[in-house]
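The values are calculated or read from the model by the stated rules, or taken from the named source; none is laboratory data. In this text the structure is predicted, and so the values were computed from the model without any measurement. Using ideal geometry, Cβ is built from the backbone for each residue, glycine included, and neighbour counts are taken over all protein chains shown.
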Amino acid sequence: MYRKYLLAISSTLLIGAGAARAEDTVKLGMVVELSGAGAPAGTNWRDGVKIAVEEINAEGGILGKKIELGEYDTQTDPQVSRALVQKAIDEGAYAILGTIYSGSTMVNMLVAQQNSTPQFVGSESPSIVQKGNPFVFRTSSGSQKGIPALTNYFTDTLKAKKVGIAWVNNEFGKGGHDVFASEMKKTGIEVVADVSSEQGQADYAADIAKLKQAQPDAVFVYMNQEESARFLIEARKQSLAMPLVGEVTLTEAKVVELAGPAADGAIAHVGLTAAATDVPGIGAFDKKFEEIFKRKPTHDAIKGYIGTWTTKYVTEMVGELDGEAFAEKMHGLCLKAADYPKILLDTCWDGKGEMSRPSFIVQVKDGKAAVIGTVPAN
Amino acid sequence: MTPKLRLLIIIALLALAIAAPIGHKNYIIYVLTSWMIFTIASMGLNLTLGYAGQISLAQASFMAIGAYITALLTLAGWHWIVAMPLALFACFVVGLLLGYPALRVKGHFLAFVTLAFNTLVFLVLRNEDWLTGGSIGLVGMPRPDFGLFSTMKQLPFYYFTLAVTVLAALAMWGIVRSPWGRAFKALRENPVRAESLGVDTRRITLLAFAIGSAYGGLAGALITPLVQFIEPGSFALAHSLRILLMVIVGGAGYFFGPLVGAGVVILLPEVLRFTEGYYLIIYSALVIVMLIFVPSGLIGVGARIRAKLWPKKQVRADMAEGASLK
């Protein structure tokens, strides 16, 4: 209702402003990892954003102005990402969509903040929202929220007494590892093996052997996509018997595609999954994405999609292109999927830009991720 | 080239550098500033590789040492002007310590030793979180403030970096014209003859390596306030290889080689960005073409053309095929 009302006002204003004004566009800067180690995540984000932009433009744009999307490839390099956020803002971007790797976001969000430009990020490192930057907003909850949601699964379902952790030693993996280790300490589960690996590592034979020797009841796997796939393949080779449980990446479409049958049985807590086709919005997005790009969308694609639609919804609530008013509106905002269908799931942002929404536990079965449980928003 | 003409060209280049960022937005200024900083880093490697003939794959790790020392000190409230010399000194000492055993080996072996050192520095930076912030890195380093001249904004920071680059270039000019510089070149062209002329080859090579490392440290000390965020990944082996590429593309052993090389490596991908998804492919292809057709680097192009047109003019035989692993 509210949206219709706003649309009516903005259309009237546009008619009043004349035809020349109607040709105005809203520039959005998509700064993301399109090459380098982050390319699997970044390209999915881009494709999700593209679908959203197309849909929004078909519905008349933001405040009646068509979206003009600028694409900027960070090469997964934090320094380049900082320069490109600057470039996007120099070129008139009203909001920034990206980046995904936390190391990049940590540096480029300062630039967006200095220019009062709202930024939707796909990063999950806890430190991002702890810096007190009022212009940064997540499109999925940080690992400090996601991982505790998984703890119950270890205690209640798996009834684990001792666990192993296999993680990638970069800012993403480190953040997740620390949260998980402290969660396990709180619940009294012993960590019997703590195996770190390098980004881009090719051989996981020693890591798996170490985990096998320690004989934990379950292993928590926290790595980026390509590393997760290599880990799963090696685990299958050495017949690692215990459940492999991850957060977000482990059961993602890209990992399943790369690992093939080795991914079967892997379990993960995910904020978003294209496998949740029971949710109408996600089902429709999944179908549309597959039609256009001939592959399954990952959670990054859904994140990009939601980030772009949120930009539209919130800008229209504010009623003008004002970064500061946008940021103010976002804090403490809750959007219900019933009123704002493209948000897909009921979503809230707190005063720091951290978000919460219901999440899922999924398991890979016969090469496909299937939802085996849901976790309420925390 | 007569000294007068050379002076004129240098003054023109300097005027160009001063005028370059005017009228541009922050992004272009940021890229130009990166160019200056990588010119300093590759100037250092050019001394080691181009003048003293020793291949090093550790320049990024010296940048890291310089960057982290500057970051830690400036975050603790020290002024950049105090932190920078300490960072330089540390790099010089580490360069000596690494060079002493490393320079017993040469060519491929030296490349491997420096490669291992680069990995070692990366691992230390990542694993010693209590000091370096681990993989999360350090963030929020201040830019230097000189009373009336604050470098907080992008344009003043560019001029500040330009001034430091000019000073570093003048110092390098002095070094390569000094008896040491002559010794470096003698060493590269014929180590046996140099030794027979009484040059202590080991000491001279070590000195070139340490000074080259200190230049890496200076580049690091400038990267810290420019990016205001450092993490180990920004100083990994790939970045050492990038600096090596700058020296080779520009022209190893030529004074202005690093300036041209850093320009190509930093600016060319930016210029090519309009090709969108293809820009990295085109960039890589262009670099390969350059290395095949002008192995002595872009700065040597003029000399090669002249040699073709006036064949009697002698080209420097050692540079005809560019820097290679000997």
Do you know which of the residues in the stretch B:103-124 that are in contact with a Leu (Cβ under 7 Å, 6 or more places away or on another chain) and closer than 17 Å to B:GLU231 by Cβ is surrounded by the fewest Cβ atoms within 10 Å (Cβ to Cβ)?
B:THR119
Restricting attention to the stretch A:241-264, does a residue exist that is at positive phi, assigned to a loop (DSSP other than H, G, I, E, B) and within 21 Å of the chain's Cα centre (by Cα)?
yes
I'd like to check which helices (runs of 4 or more DSSP H) are fully inside the stretch B:179-293 and have at least 3 residues that are at pLDDT 90 or above.
B:201-227, B:237-250, B:257-271
Given the conditions (1) of a type outside the set (Asp, Glu); (2) assigned to a helix (DSSP H, G or I); (3) more than 14 Å from every other protein chain (Cβ to nearest Cβ); (4) buried (at least 17 other Cβ atoms within 10 Å of the Cβ), and given that B:VAL166 satisfies all but one, which numbered condition is not satisfied?
(4)
Residue that is surrounded by the fewest Cβ atoms within 10 Å (Cβ to Cβ), among those in the stretch B:181-235 that are away from chain A (no Cβ under 14 Å) and β-branched (Val, Ile, Thr)
B:VAL192
If you check every pair at least six apart or on different chains, which have Cβ atoms under 6 Å apart with a residue in the stretch A:312-340 that is within 17 Å of A:ALA112 (Cβ to Cβ) first and a residue that is outside any strand (DSSP E or B) and among the hydroxyl-bearing types (Ser, Thr, Tyr) second?
A:LEU321/A:TYR94; A:GLY323/A:SER116; A:GLY323/A:THR117; A:GLU324/A:SER116
Can you spot a residue in the stretch B:88-102 that is away from every other protein chain (no Cβ under 14 Å), of a type in the set (Phe, Trp, Tyr), part of a helix (DSSP H, G or I) and surrounded by fewer than 16 Cβ atoms within 10 Å (Cβ to Cβ)?
yes
Given the structure, is B:TRP78 away from chain A (no Cβ under 14 Å), out of contact with any Phe, Trp or Tyr (no Cβ under 9 Å at 6 or more places or on another chain) and over 26 Å from B:LEU244 (Cβ atoms)?
yes
Looking only at the stretch B:125-158, which residues are away from chain A (no Cβ under 12 Å), buried (at least 21 other Cβ atoms within 10 Å of the Cβ) and among the polar types (S, T, N, Q)?
B:THR132
Members of the stretch B:4-27 found to be within 14 Å of chain A (Cβ to nearest Cβ) and at pLDDT 90 or above, listed by number:
B:PRO21
Within the stretch A:56-94, residues more than 10 Å from every other protein chain (Cβ to nearest Cβ) and of a type in the set (Phe, Trp, Tyr) come out as A:TYR94
Since B:LEU57 meets every condition but one in (1) in contact (Cβ under 8 Å) with a residue 24 or more places away in the chain; (2) over 14 Å from the mean Cα position of the chain (by Cα); (3) surrounded by fewer than 23 Cβ atoms within 10 Å (Cβ to Cβ), which condition does it not meet?
(2)
